[in-house]
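Heads up: the structure comes next, in structure tokens.
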Amino acid sequence: MQQPIIAPSILAADFANLQREVTMLNESAADWVHVDIMDGMFVPNISMGLPVVEAINRHSTKPLDVHLMIIQPERYLEAFRNAGASVITVHEEACPHLHRTLQQIKSLGCKAGVALNPHTPVQSLEDIIHDIDLVCVMAVNPGFGGQKFIEHTYRKVARLKEMILSSGSNALIEIDGGVNLTNAPALRSAGADVLVAGNFVFSSANPIDIIRQLKEI
């Protein structure tokens, strides 16, 4: 099994020292920087906007994995690409014309991801899985960091992996929410390719060592 892609969530970083935090990630085994965008409407929280993404991109040597937890994401796709996004993930629940939105992301030269809230079944992607580069499975309810991991996620990931393999899709499975060294091995066994970790990384005494340990799972 290949090593997982590790994408620390910058939302959990110290924003008063953002350049220092990004430099730490540059020096770590992290593969991507996960950037959560919240609009206060699709989820009950507001995070960062385009200027902060641009600032992160100026200092980061890692690709930006931008997760849009917003309504009408199609209005902002080009702006986030221009701000530095390499991967743009939209929510299935926010996109009535999901196929069109994915094509729009790909036309901008970015990898196209789809996120699923805990209540959304993986079967909702069955007819479009070939057009998806990454499926982000939410293991917590989106909107706030530090939540408890939802145990049902393991079965959901296994079902999604089965769908991807049977369809011949190349989509990666990303897990976002509550990931740590305890549950990461089982998530990997179920089929996860990308592990997002926020508080678990940034609140630790040695974030670089935690990232290394996640990478070695």
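Got a sec? Which of 81, 58 is without any contact (Cβ under 8 Å) to a residue 40 or more places away in the chain and in contact with a Leu (Cβ under 7 Å, 6 or more places away or on another chain)? Spell out the reasoning first.
Working: 58 fails: in contact with a Leu (Cβ under 7 Å, 6 or more places away or on another chain).
Just a single option satisfies the conditions, and that option is 81.
With the condition kept exactly as written, say whether any residue in the range 39-55 is buried (at least 19 other Cβ atoms within 10 Å of the Cβ), within 26 Å of residue 131 (Cβ to Cβ) and at pLDDT below 95. Talk me through it step by step, then tell me what you get.
Restricting attention to the range 39-55, the residues satisfying the condition of being buried (at least 19 other Cβ atoms within 10 Å of the Cβ) are 42-43, 47, 53.
Cutting the leftovers down to within 26 Å of residue 131 (Cβ to Cβ) gives us 42-43, 53.
Pick out the ones that are also at pLDDT below 95 and you get 42-43.
Yes, because at least one residue in the range 39-55 is buried (at least 19 other Cβ atoms within 10 Å of the Cβ), within 26 Å of residue 131 (Cβ to Cβ) and at pLDDT below 95.
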- Item | Verdict on residue 150 being in contact with a Cys (Cβ under 6 Å, 6 or more places away or on another chain) and either surrounded by fewer than 22 Cβ atoms within 10 Å (Cβ to Cβ) or of a type in the set (A, V, I, L, M, F, W, C) (or both) | no
- Message: What's the number of the only condition in (1) surrounded by fewer than 18 Cβ atoms within 10 Å (Cβ to Cβ); (2) within 18 Å of the chain's Cα centre (by Cα) that residue 140 fails to meet?
- Response: (1)
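For every residue, the table says whether it meets (1) farther than 30 Å from residue 130 by Cα; (2) free of Cβ contacts under 8 Å to residues at least 40 places away in the same chain; (3) β-branched (Val, Ile, Thr).
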{"site": "165", "(1), (2), (3)": "no, yes, no"}
{"site": "174", "(1), (2), (3)": "no, no, no"}
{"site": "185", "(1), (2), (3)": "no, yes, no"}
{"site": "193", "(1), (2), (3)": "no, no, no"}
{"site": "197", "(1), (2), (3)": "no, no, no"}
{"site": "206", "(1), (2), (3)": "yes, yes, no"}
{"site": "214", "(1), (2), (3)": "no, no, no"}
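Could we say that residue 23 is surrounded by fewer than 21 Cβ atoms within 10 Å (Cβ to Cβ), in a loop (DSSP other than H, G, I, E, B) and of a type in the set (Ser, Thr, Tyr) here? Before you say what the answer is, go through the steps one by one.
Details: surrounded by fewer than 21 Cβ atoms within 10 Å (Cβ to Cβ): yes; in a loop (DSSP other than H, G, I, E, B): no; of a type in the set (Ser, Thr, Tyr): yes.
Judged against the criteria, residue 23 is not a match.
Being outside any strand (DSSP E or B), touching a residue at least 24 places away in the same chain (Cβ under 8 Å), β-branched (Val, Ile, Thr) and out of contact with any Leu (no Cβ under 6 Å at 6 or more places or on another chain): is that true of residue 66 here? So that I can check it myself, show each step before the final result.
Details: outside any strand (DSSP E or B): no; touching a residue at least 24 places away in the same chain (Cβ under 8 Å): yes; β-branched (Val, Ile, Thr): yes; out of contact with any Leu (no Cβ under 6 Å at 6 or more places or on another chain): yes.
For residue 66, the condition - outside any strand (DSSP E or B), touching a residue at least 24 places away in the same chain (Cβ under 8 Å), β-branched (Val, Ile, Thr) and out of contact with any Leu (no Cβ under 6 Å at 6 or more places or on another chain) - is not met.
Residue-wise test of (1) at pLDDT 95 or above; (2) closer than 30 Å to residue 28 by Cβ; (3) buried (at least 16 other Cβ atoms within 10 Å of the Cβ).
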residue	(1), (2), (3)
63	yes, yes, yes
68	yes, yes, yes
79	yes, yes, no
88	yes, yes, yes
99	yes, no, no
121	yes, no, no
- Query: With (1) at pLDDT 95 or above; (2) crowded, with 19+ Cβ neighbours inside 10 Å as the list, and residue 178 as the residue in question, which single condition is left unmet?
  - Reply: (1)
- Quick one: how many residues across the range 26-38 are closer than 19 Å to residue 200 by Cβ, hydrophobic (A, V, I, L, M, F, W, C) and crowded, with 21+ Cβ neighbours inside 10 Å? 4
- What's the number of the condition residue 94 fails, among (1) closer than 29 Å to residue 212 by Cα; (2) surrounded by 15 or more Cβ atoms within 10 Å (Cβ to Cβ)? (1)
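Need at least 2 residues that are over 21 Å from residue 52 (Cα atoms) and β-branched (Val, Ile, Thr) per element, so show me which strands (runs of 3 or more DSSP E) inside the range 78-172 make the cut, counting only ones lying wholly within it. Show your work before the answer.
Values: elements: 85-91, 111-116, 134-138.
In the range 78-172, the matching strands (runs of 3 or more DSSP E) lie at 134-138.
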- Message: Consider the range 178-217. How many of its residues are in a loop (DSSP other than H, G, I, E, B), more than 19 Å from residue 25 (Cα to Cα), more than 18 Å from the chain's Cα centre (by Cα) and among the small types (Gly, Ala, Ser)?
- Response: 0
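The values are calculated or read from the model by the stated rules, or taken from the named source; none is laboratory data. On a predicted model such as this, the values are computed, not experimentally measured, just so you know. For neighbour counting, all protein chains shown are included, and Cβ atoms are generated from backbone atoms with ideal geometry for every residue, glycine included.
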